[in-house]
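The values are calculated or read from the model by the stated rules, or taken from the named source; none is laboratory data. None of these values were measured; they are calculated from a predicted model. Counting neighbours? That spans all protein chains shown, and the Cβs are built from the backbone with ideal geometry, glycine included.
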Amino acid sequence: MKKEHTKIALIGGGPAAMFMYKEIIAQNSAVHVTIFERSERLGAGMPYSKCGAEAEHVTNVSANEIPELPQTPMEWWEARNADIADSTTNYSPYKVFPRRIFGDYLESQFNILISNGREKGIKTDICTGTMVNDINYLGRSVIVSVEGSKSYLFDKVVICTGHRFPTDKDEAATGVYKSPYPPQKLSLQLNHAVAIKGASLTAVDAIKTLARANGAFSARKNDELVYKPDTDSPDFKIVLHCRSGMLPAVRFHLADPHLKNPSLLTEVKIEEHKRRNDGFLSLDYIFEKDFLEPLRQSSPDLYNKVKDMNMERFVDSMLEVRHRVDPFVMMRSECNEAAKSIRRKESVYWKEMLGVLSFAMNYPAKYFSAEDMLRFKATLHPLISLVIAYIPQSSCRELLALHKAGSLDLVNVGNDSSIEQRPGGGITYHYTDEAGKDLEINYNTFIDCTGQPHIDLSDFPFKGLANAGTVSQARLAFRSEEAALRYKADHPADVEIVAGTYYLNVSGVAVDDRFRIVDEEGRANDAIYMMAVPLMGGYNPDYSGLDFCEEASKRIAESLLKGKEHAVMQLSGRPVLRPMDSVA
């Protein structure tokens, strides 16, 4: 009897879907894969296509940091250039790529994987230019509904929808932009100050586009850049507004380009610790085992200085100099440090170990207590976000040139700032400066560059799953009722009681260790897997790009084609998952 093909849908056709498809075809199973992608191409996704990048935008990882694909970026580049007679651009494994070119690379790799899959007998249907409107679970199968009132039946579905940035059709008229994407909308000639909220890589994207629309960079012999505003934009200026008053750190050489240190805690060790800790994963434990102990091997001098510090003291010590030094002076210093690191191929080890820690804690973060997740968000996460932004040196040189020209500045607005949209257009920024003075600054143009927003359950895009309770609110249990009540007093909407236990609601939907969605009864669904980080950000606080795509797809593949799985997962000290009769 011929084995029936398992029908699998990948919702989204960007990098996440590409790595998922790679793992599916590696299983050599009888499957029929359908890929739904709303754009007209596969592989590039939002960051590496015209939706997220122009010619001036570059990756923040080098070619040697890319997870394994059929070709390395360098192999692809050399083969591509063989057909381009006038190509003079040279790259190396240690250089970043323009994002649009990198998108071409990813598209080519996805096409190779699809060809490889078909050669192995994997049926593959490609539905580009197709928007998925809804998903419904029927108990033993999944219905995927697309625009045009068409529906398809599948055994398994993996949601790989990637980045989701808000847009507003009235942005140009109001001068208030909810995000800098697509970047073409920021090619604006502006003879006034522009307010940007945030100072992350998202803000750097906006800066690079605005700068070119209102002036030009030129290079001196010492590789330093000079920026000159256009004669029509003498009053053009960009003002960054951020809560920390700091700029992200500069990209340096990574000794382990894939941040997978062999000394990291194993799943077995994590489970042993949870059993001794009421089912919770301790933030202090993972900080010690996945940061301090590896640091002892890689940087013993620094380890001896910080080994007796708790997490909060360590964070304070690392941020102290950033608080004290002007952010652009700090960036210039780090740019010099990074240049030496790359030239000598020597890592800045404590920064690399923070990247390793962030990657390692991403998957078991769902086992933190609510108290530890709040500690992480308040202390360690801001430091990690600064350090692992990895701004390329080329971008740093542009920011420094803009600042030197008087066209870029940064203000520390603290945690209590607010933005008021003016009826006639633009905004008023309300904040208290570092001298304690209350300020109200008007801007005709405002761009929100706070990065990828997490999606709340109320905004979950597939209403069939949300309305049926097939997905559920991600939450973490408090260890202490007293701590829960203290937090609830100031954040009443974020704390709820379930079966007598206080929980902290975090963003997005609940998933288990294999990225299966979890329903309102606490049951993991064997048919529907979640790989879209914005939809489950509460349980996956680290945005690790392609490394995340690779690791998550491997974890999903372990159960996707293995039939039913009835393992109970322990969420924050409570065994909330039960067996579910679903697709075999």
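Okay, here's what the table says:
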| read-out | value |
| --- | --- |
| The range 367-393, subset of a type in the set (A, V, I, L, M) and within 22 Å of residue 476 (Cα to Cα), residue farthest from the chain's Cα centre (by Cα) | 370 |
| Residue in the range 69-95 that is surrounded by the fewest Cβ atoms within 10 Å (Cβ to Cβ), counting only those that are in a helix (DSSP H, G or I), touching a Ser or Thr at 6+ places or on another chain (Cβ under 8 Å) and modelled with pLDDT of 85 or more | 74 |
| Verdict on residue 382 being surrounded by fewer than 19 Cβ atoms within 10 Å (Cβ to Cβ) and within 23 Å of residue 548 (Cα to Cα) | yes |
| So residue 462, is it closer than 17 Å to residue 505 by Cα and buried (at least 19 other Cβ atoms within 10 Å of the Cβ) | no |
| Any helices (runs of 4 or more DSSP H) falling wholly within the range 283-338 and containing at least 2 residues that are closer than 27 Å to residue 204 by Cβ and of a type in the set (D, E, K, R) | 311-324 |
| Candidates 113, 153 - the one that is loosely packed, with under 15 Cβ neighbours inside 10 Å, outside the structural domain of residue 183 (by TED's automatic domain parsing) and modelled with pLDDT of 95 or more | 153 |
| Of all residues in the range 156-173 being modelled with pLDDT of 95 or more and over 20 Å from the mean Cα position of the chain (by Cα), the one that is surrounded by the most Cβ atoms within 10 Å (Cβ to Cβ) | 157 |
| So residue 348, is it aliphatic (A, V, I, L, M) and over 25 Å from the mean Cα position of the chain (by Cα) | no |
| Meets criteria (in a loop (DSSP other than H, G, I, E, B), surrounded by fewer than 21 Cβ atoms within 10 Å (Cβ to Cβ), modelled with pLDDT under 90 and of a type in the set (A, V, I, L, M, F, W, C)) for residue 583 | no |
| Residues being assigned to a loop (DSSP other than H, G, I, E, B) and either among the aliphatic types (A, V, I, L, M) or surrounded by 17 or more Cβ atoms within 10 Å (Cβ to Cβ) (or both) - total across the range 465-479 | 6 |
| Residue in the range 556-564 that is at pLDDT 85 or above, within 30 Å of residue 389 (Cα to Cα) and not in a loop (DSSP other than H, G, I, E, B) present | yes |
| Single residue of the range 339-363 satisfying the filter (of a type outside the set (A, V, I, L, M) and assigned to a loop (DSSP other than H, G, I, E, B)) that is nearest to residue 513 (Cα to Cα) | 363 |
| Top-ranked residue of the range 203-229 - restricted to ones that are over 15 Å from residue 410 (Cβ atoms) and among the β-branched types (Val, Ile, Thr), ranked as farthest from the chain's Cα centre (by Cα) | 226 |
| Strands (runs of 3 or more DSSP E) completely within the range 177-249 that count 1 or more residues being outside the structural domain of residue 321 (by TED's automatic domain parsing) and loosely packed, with under 14 Cβ neighbours inside 10 Å | 215-219, 225-229 |
| Condition met for residue 148 (over 27 Å from residue 508 (Cα atoms), in a loop (DSSP other than H, G, I, E, B) and either outside the structural domain of residue 237 (by TED's automatic domain parsing) or free of Cβ contacts under 8 Å to residues at least 24 places away in the same chain (or both)) | yes |
| Selection from the range 485-518 of residues that are surrounded by fewer than 21 Cβ atoms within 10 Å (Cβ to Cβ) and of a type in the set (Gly, Ala, Ser) | 489, 493, 499, 500, 507 |
| Test: residue in the range 52-70 that is closer than 29 Å to residue 146 by Cα and of a type in the set (Gly, Ala, Ser) | yes |
| Residue check, residue 482 of a type in the set (Asp, Glu), assigned to a helix (DSSP H, G or I) and loosely packed, with under 15 Cβ neighbours inside 10 Å | yes |
| Hey, residue 265 within 28 Å of residue 539 (Cβ to Cβ), out of contact with any His (no Cβ under 6 Å at 6 or more places or on another chain) and not in a helix (DSSP H, G or I) or not | yes |
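Each row is one residue, and each column tells you yes or no for (1) under 16 Å from residue 39 (Cα atoms); (2) in contact with a helix residue (DSSP H, G or I) (Cβ under 9 Å, 6 or more places away or on another chain).
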residue: 129; (1), (2): yes, no
residue: 140; (1), (2): no, no
residue: 145; (1), (2): no, yes
residue: 150; (1), (2): no, no
residue: 154; (1), (2): no, no
residue: 162; (1), (2): yes, yes
